[in-house]
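The values are calculated or read from the model by the stated rules, or taken from the named source; none is laboratory data. The model shown is predicted, which means the values in this text are computed figures rather than measured ones. Here Cβ is always computed from backbone atoms with ideal geometry, including for glycine, and neighbour counts include all displayed protein chains. Surface accessibility is based on the protein's heavy atoms, side chains included, excluding ligands, DNA and RNA. Shrake-Rupley method; radii C 1.70, N 1.55, O 1.52, S 1.80 Å.
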Amino acid sequence: MGDCTSTGEINGHLACVAACEACIEECLNEATPAHVACIRACRDCIDACLLAARYEARKSPLADEARALCKKACEACAKACEAAGCGDCAKTCRTCASGCA
């Protein structure tokens, strides 16, 4: 795994959280199955990003595993967001996933 322990990488996780929260709010106004899937993926992504940020901040020995989970959740979220037409969130998730590679 890459070195994601810098403040910049932690801020990248938090930017992803903010993008997912905004995406959820937009998707709540829609009733399509794609938007429901997007909301679920965003919720998983938020949890994984917060976990990774916290583990990185305290230099946990589990940080590598948290980054791997974050990468997987961000990639899944980006895919679901693209399917629902939520491009801004998808872009932010892909950026976060790249930071955890």
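Of Ala52, Ala68, all but one fail to be more than 9 Å from the chain's Cα centre (by Cα), part of a helix (DSSP H, G or I) and either closer than 17 Å to Cys20 by Cα or charged (D, E, K, R) (or both); the exception is Ala52.
Filtered by the rule that a residue be over 13 Å from Cys89 (Cβ atoms) and either open to solvent by 100 Å² or more (accessible area, probe 1.4 Å) or part of a helix (DSSP H, G or I) (or both), region 24-33 gives Leu28, Asn29, Pro33.
When the residues of region 67-85 are narrowed to those that are open to solvent by 40 Å² or more (accessible area, probe 1.4 Å) and not small (Gly, Ala, Ser), which ends up nearest to Ala48 (Cα to Cα)? In this case the residue turns out to be Leu69. Taking region 49-84 as the range and being in contact (Cβ under 8 Å) with a residue 24 or more places away in the chain and small (Gly, Ala, Ser) as the test, the residues that pass are Ala52, Ala53, Ala57, Ala63, Ala68, Ala73, Ala76, Ala80, Ala83, Ala84.
Each residue in region 86-100 was checked for being in contact (Cβ under 8 Å) with a residue 24 or more places away in the chain, open to solvent by 10 Å² or more (accessible area, probe 1.4 Å) and under 15 Å from His35 (Cβ atoms), and 2 pass.
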